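The values are calculated or read from the model by the stated rules, or taken from the named source; none is laboratory data. All values reported here derive from a predicted model rather than from experimental measurement. No Cβ is skipped: glycine too gets one built from the backbone with ideal geometry, and neighbour counts run over all protein chains shown.
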């Protein structure tokens, strides 16, 4: 395993595995790089695998809490995270990769691929959504009042909220729900709220039609966070990306935890195509 310095060190980035092709695994809200632990070992057999922690994660805070404050103004949208992703890849001297992004990282990868198309050979989006707020012509999964209540609960009752939210988001598996809950609780509450606002108040639908990189959109059959219509909406808008939708028959928002073998089957098919 190769350890790195600079930005890659602060983001706990690691490279492991063999092969010429890089696969970059990016976790979502409330997670960290350990959420790929069931998937990464298999990918490492034929590829160089990159994992890291976003600067909002509890794992990131564990490492740099003495000298780091999350800048809510700087990180006011997913665009800045996309800049960090590109900078990280440049620092690690990655010229091309297959990017696998879970949840919010899916849209971060899309934005980064527009900024630097040659860096991304393929995009694989797991449980991604460009918008969570419903409108007359779009089902995001939440109405305005629900999002307002969600953000209020995160702000005033963060730790009880994590206990209630984790098992629903994961899909009922007790041990995996405990893992997600523990990871959520490691986030600083004020950072958790700031990032939740970026996610649930953001609208990145305009990004989809600008993506040129071949894209596979992976969803589960029953995701609390992302309605089943969203991946097909994304596919319809991502014409230039020639996007494909793959559905994994499992509940929850985390197929890389709850159905990793099924996910690996999809990833193998995409990587070999």
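For the condition modelled with pLDDT of 95 or more, over 16 Å from the mean Cα position of the chain (by Cα), surrounded by 15 or more Cβ atoms within 10 Å (Cβ to Cβ) and not in a strand (DSSP E or B), what is the one hit in 195, 211? Can you show your working first?
On the way: 195 fails: over 16 Å from the mean Cα position of the chain (by Cα).
The unique qualifying residue is 211.
Hey, any hits in region 175-185 for a residue that's surrounded by 16 or more Cβ atoms within 10 Å (Cβ to Cβ) and closer than 23 Å to residue 82 by Cβ? Full working, then the answer.
So in region 175-185, the residues surrounded by 16 or more Cβ atoms within 10 Å (Cβ to Cβ) come out as 176-177, 179-181, 183-185.
With closer than 23 Å to residue 82 by Cβ added as a condition, the list becomes 183.
Yes - at least one qualifying residue is present in region 175-185.
Please go through region 4-40 and give me each residue that is more than 14 Å from the chain's Cα centre (by Cα) and on the phi > 0 side of the Ramachandran plot, ordered by number.
6, 12, 17, 19
Suppose the filter is surrounded by fewer than 22 Cβ atoms within 10 Å (Cβ to Cβ) and either in a loop (DSSP other than H, G, I, E, B) or modelled with pLDDT of 95 or more (or both); does residue 218 pass it? Don't jump to the end; show me each part of the working.
On the way: surrounded by fewer than 22 Cβ atoms within 10 Å (Cβ to Cβ): no; either in a loop (DSSP other than H, G, I, E, B) or modelled with pLDDT of 95 or more (or both): yes.
In short, no.
Given 240, 236, which one is more than 26 Å from residue 46 (Cα to Cα), surrounded by fewer than 21 Cβ atoms within 10 Å (Cβ to Cβ) and modelled with pLDDT of 95 or more? Quick ask: steps written out before the conclusion?
Working: 240 fails: modelled with pLDDT of 95 or more.
Answer to the check: 236.
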